[in-house]
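Okay, structure first, notes after.
The values are calculated or read from the model by the stated rules, or taken from the named source; none is laboratory data. Keep in mind the model is a prediction, meaning the values are calculated, not measured. Cβ: placed from backbone, ideal geometry, glycine included. Neighbour counts: every protein chain shown. Side chains included, ligands, DNA and RNA excluded: accessible areas come from the protein's heavy atoms. Shrake-Rupley method; radii C 1.70, N 1.55, O 1.52, S 1.80 Å.
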Amino acid sequence: GAKAAGRSTFRLYDPAMDAAVAERHGLELDLRLGLERGEFALHYQPIVTAAERRVVCREALVRWHHPTRGLVPPASFIPLAEETGLIDRLGAWILRRACRDAAAWPDGTRVAVNVSAAQVRHGPLIAAVQGALRESGLRPDRLEIEITESLPIEGEAADLLMALRRLGVRIALDDFGTGYSSLSYLRRFPFDTIKIDRSFIADIADPGTAAIVRAVVGIGAQLGATITAEGIETEDQLAAAQREGCTEVQGYLFGKPVPLEA
Ligand code: C2E
Ligand code: MG
Ligand code: MG
Ligand code: MG
């Protein structure tokens, strides 16, 4: 960089940096356009009971059908949407679509919607949720909002989540166990669902990992929360998750995320 090059040489132009900035800028413009052009879609992945494999919920996972880049996964654009503030508009669209879709499901199952920390921090999230519920007529307890430990639960964020819960909406803690303060997180908020991160499930054949899952299930039961195991890919993993007491399970074994038509 310019600093390492010493005081006498000022680098005013760095082609590599330039390309990265241009790429980012292009993607940001595309994101704005994509919202206007309706290039986003929701795929749904089933969440089933561990005992009978009965579908009880479907998680909405956003996809971007980019005109030239093809199908773009959320990890490639959600962070940028968060940084640019576009997540509020995208998030409101996701909530509206998910509630509208779920309202038409004849089996009365829940829909889970992921919400970014940025949306809870600065977004008009309550209004978006209320609007989506009102427009769709979906019963509030059929909507589950998933947040992760990247959101510090204190002050306004805690108030906001509580307000959502008072609406009757369920609150889930996603990717549990991957943050730095998982246990104290559980003390801060009465989560309806705790989703054990798939890294634990991938390693559940290990007795130590299985013991941790068992302990989380015990804590969840004491707190009155549903425990979902994420990322179940094999019958062995399902058997282990069941053995350790997980109530709901999700993963490729039961179905990948697919468009609603499928
Ligand atoms: P997540 O909420 O933890 O969602 C689960 C991710 O794991 C999904 O990836 C899903 O396709 C994948 N998955 C499910 N079952 C399995 C399995 O058995 N094995 C493996 N290897 N993977 C499995 P996806 O759709 O790429 O989403 C990645 C992340 O992007 C999500 O993680 C979530 O944090 C975020 N995301 C997705 N949709 C939205 C959205 O609508 N809004 C926001 N704010 N974030 C979203
Ligand atoms: Mg999730
Ligand atoms: Mg997850
Ligand atoms: Mg995850």
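Return the only residue of F189, F176, F200 being of a type in the set (F, W, Y), within 12 Å of ligand 1 (Cβ to nearest atom), over 30 Å from E261 (Cα atoms) and modelled with pLDDT of 90 or more.
F176
Identify the residue in the stretch 109-127 that is modelled with pLDDT under 95 and open to solvent by less than 40 Å² (accessible area, probe 1.4 Å) and, among all such residues, is nearest to V21 (Cα to Cα).
Residue satisfying both the conditions and the ranking: A118.
Taking the residues in the stretch 111-131 that are in contact with an Asp or Glu (Cβ under 6 Å, 6 or more places away or on another chain) and among the aliphatic types (A, V, I, L, M) as candidates, determine which candidate is nearest to L42 (Cα to Cα).
So the first thing to find is which residues in the stretch 111-131 are in contact with an Asp or Glu (Cβ under 6 Å, 6 or more places away or on another chain), and the list is 112, 114, 116, 118, 123.
Applying the additional criterion that residues be among the aliphatic types (A, V, I, L, M) yields 112, 118.
Numbers: A112: 12, A118: 20 Å.
Ranking the qualifying residues of the stretch 111-131, first place goes to A112.
Out of the stretch 232-242, which residues are crowded, with 21+ Cβ neighbours inside 10 Å and either within 16 Å of ligand 4 (Cβ to nearest atom) or among the acidic types (D, E) (or both)?
I232, Q237, A241
Cβ-Cβ below 7 Å, separation at least six or inter-chain, first residue in the stretch 188-209 and open to solvent by 40 Å² or more (accessible area, probe 1.4 Å), second at pLDDT 95 or above and within 14 Å of ligand 4 (Cβ to nearest atom): which pairs?
Matching pairs, first to second residue: R198/E230; R198/G231; A202/G231.
For residues in the stretch 128-140 being part of a helix (DSSP H, G or I) and open to solvent by 10 Å² or more (accessible area, probe 1.4 Å), which is nearest to ligand 4 (Cβ to nearest atom)?
So, considering only residues that are part of a helix (DSSP H, G or I) and open to solvent by 10 Å² or more (accessible area, probe 1.4 Å), the one nearest to ligand 4 (Cβ to nearest atom) is A128.
May I ask you to list the residues in the stretch 137-155 that are closer than 15 Å to V111 by Cβ and within 16 Å of ligand 1 (Cβ to nearest atom)?
Of everything in the stretch 137-155, those that are closer than 15 Å to V111 by Cβ and within 16 Å of ligand 1 (Cβ to nearest atom) turn out to be L143, E144, I145, E146.
Of all residues being outside any helix (DSSP H, G or I) and open to solvent by 40 Å² or more (accessible area, probe 1.4 Å) in the stretch 156-187, which is nearest to R110 (Cα to Cα)? Just the residue, please.
In this case the residue turns out to be R170.
Any residue in the stretch 50-64 that's without any contact (Cβ under 8 Å) to a residue 60 or more places away in the chain and closer than 15 Å to L143 by Cα: show its pairings with residues that are open to solvent by less than 20 Å² (accessible area, probe 1.4 Å) and of a type in the set (F, W, Y) at Cβ separation under 9 Å, as long as the two are six or more apart or on different chains.
R58/Y44; A60/Y44
I need the full set of residues from the stretch 135-163 which are away from ligand 3 (no atom under 16 Å from the Cβ), at pLDDT 95 or above and not polar (S, T, N, Q), in order please. Give the derivation first.
From the stretch 135-163, those away from ligand 3 (no atom under 16 Å from the Cβ) are 135-143, 152-163; that's our starting set.
In the following step, the residues that additionally are at pLDDT 95 or above were identified as 135-143.
Answer for the stretch 135-163, where residues must be away from ligand 3 (no atom under 16 Å from the Cβ), at pLDDT 95 or above and not polar (S, T, N, Q): E135, G137, L138, R139, P140, D141, R142, L143.
With the requirement that a residue be assigned to a loop (DSSP other than H, G, I, E, B) and touching a Cys at 6+ places or on another chain (Cβ under 7 Å), what does the stretch 45-60 give you? Write out each step before concluding.
Taking the stretch 45-60 first, the residues assigned to a loop (DSSP other than H, G, I, E, B) are 50-54.
Across the stretch 45-60, the qualifying residue is only A50.
From the set of residues in the stretch 41-93 that are among the charged types (D, E, K, R) and surrounded by 17 or more Cβ atoms within 10 Å (Cβ to Cβ), which is farthest from W105 (Cα to Cα)?
Top of the filtered list is E82.
Filter the stretch 18-38 for residues that are free of Cβ contacts under 8 Å to residues at least 40 places away in the same chain, surrounded by 12 or more Cβ atoms within 10 Å (Cβ to Cβ) and farther than 15 Å from S76 by Cα and give the result. Show your work before the answer.
Of the residues in the stretch 18-38, the ones free of Cβ contacts under 8 Å to residues at least 40 places away in the same chain are 18-23, 25-26, 29-30, 33-34, 36-38.
Filter once more, so that each one left must be surrounded by 12 or more Cβ atoms within 10 Å (Cβ to Cβ): 30, 33-34.
Across the stretch 18-38, the qualifying residue is only L33.
Kindly check whether there is at least one residue in the stretch 141-154 that is assigned to a helix (DSSP H, G or I), within 16 Å of ligand 2 (Cβ to nearest atom) and not polar (S, T, N, Q).
No: zero hits.
Output the qualifying pairs, or none if there are none: Cβ atoms under 7 angstrom, residues six or more apart or on different chains, first residue in the stretch 135-148 and of a type in the set (A, V, I, L, M), second residue more than 16 Å from ligand 1 (Cβ to nearest atom).
Pairs that qualify, where the first residue is of a type in the set (A, V, I, L, M) and the partner is more than 16 Å from ligand 1 (Cβ to nearest atom), are L138/A103; L143/L133.
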